[in-house]
1. Could you state the accessible area per residue of the chain in Å², with a 1.4 Å probe and every protein chain left in place?
2. Mind pulling up the Rg/Rh value for the stretch 60-124? Radius of gyration and Kirkwood radius, both on Cα.
3. Using a 1.4 Å probe on the protein chains only, how many percent of the accessible area of the stretch 9-124 belongs to carbon and sulfur?
4. Which of the aspartates and glutamates could a cross-linker span from K71 if the Cα-Cα distance has to be under 16 Å and same-chain partners fewer than 8 positions apart are dropped?
5. Any cysteines in the chain with zero other Cys Cβ atoms under 4.7 Å from their Cβ? List them, or say none.
6. Give, in whole angstrom and from largest to smallest, the semi-axes √(5λ) of the equivalent ellipsoid of the chain, with λ running over the eigenvalues of the Cα gyration tensor.
7. I'd like the distance between the alpha-carbon centres of the stretch 81-95 and the stretch 1-71, rounded to an integer number of Å.
8. Toward the positive end of the charge dipole of the chain, about the Cα centre and with charges on Cβ (Lys, Arg +1; Asp, Glu -1), which of Y59, G9, G25 goes farthest?
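The values are calculated or read from the model by the stated rules, or taken from the named source; none is laboratory data. For clarity, every value in this text was computed on a predicted model and none was experimentally measured. A quick note on method: Cβ atoms are made from the backbone with ideal geometry, for glycine too, and the neighbour counts reach across all protein chains shown. Areas reflect the complete protein model, heavy atoms only, side chains present, ligands, DNA and RNA absent. Shrake-Rupley method; radii C 1.70, N 1.55, O 1.52, S 1.80 Å.
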Amino acid sequence: VQLQASGGGLVQAGGSLRLSCVASGDISSSYNMGWFRQAPGKEREFVAAIDWTGVRTYYADSVKGRFTISKDIAKNTVYLQMNRLKPVDTAVYYCAIDICGVIPTAEPNDYDYWGQGTQVTVSS
């Protein structure tokens, strides 16, 4: 299973970006997906997750109301729409797949495969 994340970049505070993550390989459509981020010198933290149906979502309090996670099941792709970005959102963003999960989870250890990360930089 491979995950390819894209869509990162440099944006001013208040701006928007949309991240994409495409899953490929030996994988069925029944998996949960999540986004995490890691800023320099900090631990990886949960951002958002979505269940395999694309209906149930889960957000970190720090992004709730600003970020939206969605999923295109036919394309095996998950998106993270990020609005009203802040400098504190600057980090490398990673997508991940939870093969066995029933509900979306914020725990990194529950995820089985990880993408390579995409850099998001928000300037003040």
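1. Accessible surface, normalised per residue, equals 51 Å².
2. Numbers: Rg = 13.0 Å, Rh = 13.4 Å.
Answer for the stretch 60-124: 0.97.
3. Working: 2920 of 5860 Å².
Taking all protein chains in place, the stretch 9-124 shows 50 percent carbon and sulfur surface.
4. Hits, sequence-local ones excluded: D51, D98.
5. So far as the 4.7 Å Cβ criterion goes, C100 stand without a partner in the chain.
6. Over the Cα atoms of the chain, the ellipsoid semi-axes are 23, 14, 14 Å.
7. 10 Å
8. Value computed over the given set: G9.
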